[in-house]
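The values are calculated or read from the model by the stated rules, or taken from the named source; none is laboratory data. What you see is a predicted model, and the numbers here were worked out from it, not measured in a lab. Glycine gets a Cβ as well: all are built from the backbone with ideal geometry, and neighbour counts include every protein chain shown. Just so you know, the surface numbers come from the protein's heavy atoms only, side chains and all, with ligands and any DNA or RNA stripped out. Shrake-Rupley method; radii C 1.70, N 1.55, O 1.52, S 1.80 Å.
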Amino acid sequence: IKQKDLTGYSDRFIYYKDSGDVTSDTVINIKQDNILTKVASGKINVKSKTLTGKGVTVTTEQGDRVKGDTIDGDYEDKEFNFKGNLDARLKDGIYFTGKLAKLFFVENANKDQEITRGEIKQDTVFKYKDMNMKSEYLEIDNMKKIVFGKGKPTMKLDEGTNMTADYIYLDVDNETGTLQNSVKITGRNTETGIVNTLADRAFLKNKERKVE
């Protein structure tokens, strides 16, 4: 199938002319600009340029890759909703997982589509280099390289130091972070054992492996 900038391939399609639905119970590959979407089975609506599918992998020619159990995607609005076993690796080294995700693409200066923002929910994990944050809600601004976690966000500074707060903000490029509200830093001291430090706010310097 081909609709302007959207092209779909499969071994077999069933086309419903009135609704514009095109379905397949075999693998579908959909190409739009630099975005390639592969689903094990699914449905494309050629009128609305929307997709629903199972067993999905979305990749870009620049090296991004997002996988999940199901997808609901809108190629006009560049909004893609994933459910189940989300696993995402972006070209700049950012990695995140979760159970639900809403990802948005935007055209960059090179006329390529890239992930601009993401909202990830339920059992989320964010990783970049040796920064690792777990939370129930994760928001990524991929243009500004800012990450926000809430819902019991936790981080580990090293093997003996864990940090929690109501909210954690991370600056990916600078590898810094701000922990805000109900901050608790649990460390282990060889002389006194476990030490808990409580604060309203703390600042993480990941490169120096310290928190202030």
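Figures for the structure shown
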| item | result |
| --- | --- |
| Positions within the stretch 76-94 being open to solvent by less than 10 Å² (accessible area, probe 1.4 Å) and either part of a strand (DSSP E or B) or within 18 Å of Lys54 (Cβ to Cβ) (or both), in sequence order | Phe80, Phe82, Leu86, Ala88 |
| Selected residue (only one of Lys47, Lys31 is modelled with pLDDT under 95, in a strand (DSSP E or B), charged (D, E, K, R) and out of contact with any Pro (no Cβ under 7 Å at 6 or more places or on another chain)) | Lys31 |
| Index of the failed condition, Thr59 passing every other in (1) open to solvent by 20 Å² or more (accessible area, probe 1.4 Å); (2) over 25 Å from Met133 (Cβ atoms); (3) of a type in the set (Ser, Thr, Tyr); (4) in contact (Cβ under 8 Å) with a residue 24 or more places away in the chain | (2) |
| Selection count, the stretch 129-155, where residues are on the phi < 0 side of the Ramachandran plot, in contact with a Lys or Arg (Cβ under 9 Å, 6 or more places away or on another chain) and surrounded by 14 or more Cβ atoms within 10 Å (Cβ to Cβ) | 14 |
| Qualifying position, being of a type outside the set (A, V, I, L, M, F, W, C) and modelled with pLDDT of 90 or more, among Thr161, Thr190, Thr154, Thr197 | Thr154 |
| Some residue of the stretch 1-8 being of a type outside the set (Ser, Thr, Tyr), over 30 Å from Glu139 (Cβ atoms), surrounded by fewer than 18 Cβ atoms within 10 Å (Cβ to Cβ) and touching a residue at least 24 places away in the same chain (Cβ under 8 Å) | yes |
| Lone qualifier among Ile71, Ile120, Ile115 - being surrounded by 17 or more Cβ atoms within 10 Å (Cβ to Cβ), under 21 Å from Gln3 (Cα atoms) and either touching a residue at least 12 places away in the same chain (Cβ under 8 Å) or not charged (D, E, K, R) (or both) | Ile71 |
| All positions within the stretch 52-85 that are of a type in the set (A, V, I, L, M, F, W, C) and modelled with pLDDT under 95 | none |
| Selection count where residues are in a strand (DSSP E or B) and free of Cβ contacts under 8 Å to residues at least 24 places away in the same chain, scope the stretch 154-209 | 19 |
| Subset of the stretch 164-212 [under 22 Å from Phe96 (Cα atoms), over 22 Å from the mean Cα position of the chain (by Cα) and open to solvent by less than 20 Å² (accessible area, probe 1.4 Å)] | Leu204 |
| Within the stretch 95-112, tally of residues that are at pLDDT below 95, over 18 Å from Asp72 (Cα atoms) and open to solvent by less than 30 Å² (accessible area, probe 1.4 Å) | 0 |
